[in-house]
Amino acid sequence: MTEHGRRAPIVVGVDHTDAGRLAVVWAADEAARRGLWLRLVHALDWPVGADRDPQTDPHRQTWGARFRDAGLRALDEARDLVATRRPELAAVTVLADGAPVAVLREHTRDAAMIVLGSRRLSAVTELPTIGGVAVPITAHARCPVVVVREPEHTSSEPPTVVVAVDGAQRAEAAVAYAFDEAARRGATVVAVHVRRPPVGLLAGLRMEEEIPEGRLRLAEALAGWAEKYPAVPVRREVTVGHPVKALRNAAEHALCLVVGAHGRGGFAGLLPGSVGQGLIHHAHCPLVIVPTARNDAPSAAHD
């Protein structure tokens, strides 16, 4: 049981960057929509051999003490930001020793979702930071992982939640999240199925088959959802091309882009390594990565 009864928290990775603050804002708004609370987590990634206890230093002004104080300031700033934006929300702070991946992965055990910020850097510079955190967390998380690279686009009419649809079963959890989010936001679900361009001598003939095949896949994946959410408009799109570019373009003005991951060590189907990392680095809106539903997932992970 969590600090606030059976309700699961939205966990936010907190740092000192503008991207980290954007993630806190997005998480606060989402928690308010879902009636959840926030757990703000900052990981102190100590270098090997560092003195973690300033009490052992006679002057108490070591870099280690300043390092810990900086983490506490980041958490205080995040908590103040939540209080200003959503004063009705309950929020707790956690300062934990350890690498960000290990610390945040531990907090996925009882979370409704986990939210990470992503700085606008080059892919090479960003890869060991947000990519190095988001990918391993997503690979093993039992809850959605949200990477906030840019603000959601609330000015588009109608507002849209874009969901990537691969195989019917692999896409089920992502489709479920997309419809639920769209219902909460009064948005349209845009279901996108991407076909890779055929290669070889018969590529031209096979290209004509791609669009009808894609429409069939979409129909299978969306079967029953319109009836479950009759008030949510649905738009279906089939495109041929590279998944990263196609999905990035489809979600350019969206509230969020929702994709699926199998949760057993990496991205599945639509999201093998390069595609998943490409979306993490280049999506123009918050990216929601939803693991395939598992029978042993904790009930606290759902509001």
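Set side by side, the residues L247, L255, L271 differ, and just one is closer than 18 Å to H284 by Cα, modelled with pLDDT under 85, open to solvent by less than 60 Å² (accessible area, probe 1.4 Å) and not small (G, A, S), which is L271.
Could we say that D76 is under 30 Å from R7 (Cβ atoms), open to solvent by 60 Å² or more (accessible area, probe 1.4 Å) and either at pLDDT 70 or above or part of a strand (DSSP E or B) (or both) here? The answer is yes for D76.
Counting only residues that are among the hydrophobic types (A, V, I, L, M, F, W, C), at pLDDT 95 or above and in a helix (DSSP H, G or I), the stretch 177-209 holds 4 of them. Restricting attention to the stretch 226-244, the residues that are touching a Phe, Trp or Tyr at 6+ places or on another chain (Cβ under 8 Å) and either modelled with pLDDT under 95 or of a type in the set (A, V, I, L, M) (or both) add up to 2.
E220 fulfils the conditions (1) modelled with pLDDT of 90 or more; (2) open to solvent by 50 Å² or more (accessible area, probe 1.4 Å); (3) acidic (D, E) except for a single criterion, (1).
Summed over the stretch 170-189, residues that are basic (K, R) and crowded, with 17+ Cβ neighbours inside 10 Å total 2.
Of the residues in the stretch 213-258, how many are assigned to a helix (DSSP H, G or I) and in contact (Cβ under 8 Å) with a residue 24 or more places away in the chain?
14
Looking only at residues in the stretch 29-65 that are open to solvent by less than 30 Å² (accessible area, probe 1.4 Å) and under 16 Å from D15 (Cβ atoms), the one that is modelled with the lowest pLDDT is W46. The selection criterion, being hydrophobic (A, V, I, L, M, F, W, C) and more than 11 Å from A43 (Cα to Cα), holds for V92. Cβ-Cβ distances below 8 Å connect the following pairs, each with a first residue in the stretch 273-299 that is assigned to a strand (DSSP E or B), a second residue that is modelled with pLDDT under 75 and open to solvent by less than 10 Å² (accessible area, probe 1.4 Å), and a separation of six or more residues or different chains: I289/L271; I289/G276; P291/G263.
Go through the residues of the stretch 13-22 one by one and say whether even a single one is modelled with pLDDT of 85 or more, more than 17 Å from V115 (Cα to Cα) and open to solvent by 20 Å² or more (accessible area, probe 1.4 Å). No, the stretch 13-22 contains no residue that is modelled with pLDDT of 85 or more, more than 17 Å from V115 (Cα to Cα) and open to solvent by 20 Å² or more (accessible area, probe 1.4 Å).
Might you check whether a residue that is within 13 Å of the chain's Cα centre (by Cα) and either at pLDDT below 85 or open to solvent by 20 Å² or more (accessible area, probe 1.4 Å) (or both) occurs anywhere in the stretch 99-108? Checking the stretch 99-108: not a single residue is within 13 Å of the chain's Cα centre (by Cα) and either at pLDDT below 85 or open to solvent by 20 Å² or more (accessible area, probe 1.4 Å) (or both).
The values are calculated or read from the model by the stated rules, or taken from the named source; none is laboratory data. Everything numeric here is computed off the predicted structure, so don't read it as measured data. Note that each Cβ is placed from the backbone with ideal geometry, even for glycine, and that neighbours are counted across all protein chains shown. The accessibility values were calculated without ligands, DNA or RNA, using every heavy atom of the protein model including side chains. Shrake-Rupley method; radii C 1.70, N 1.55, O 1.52, S 1.80 Å.
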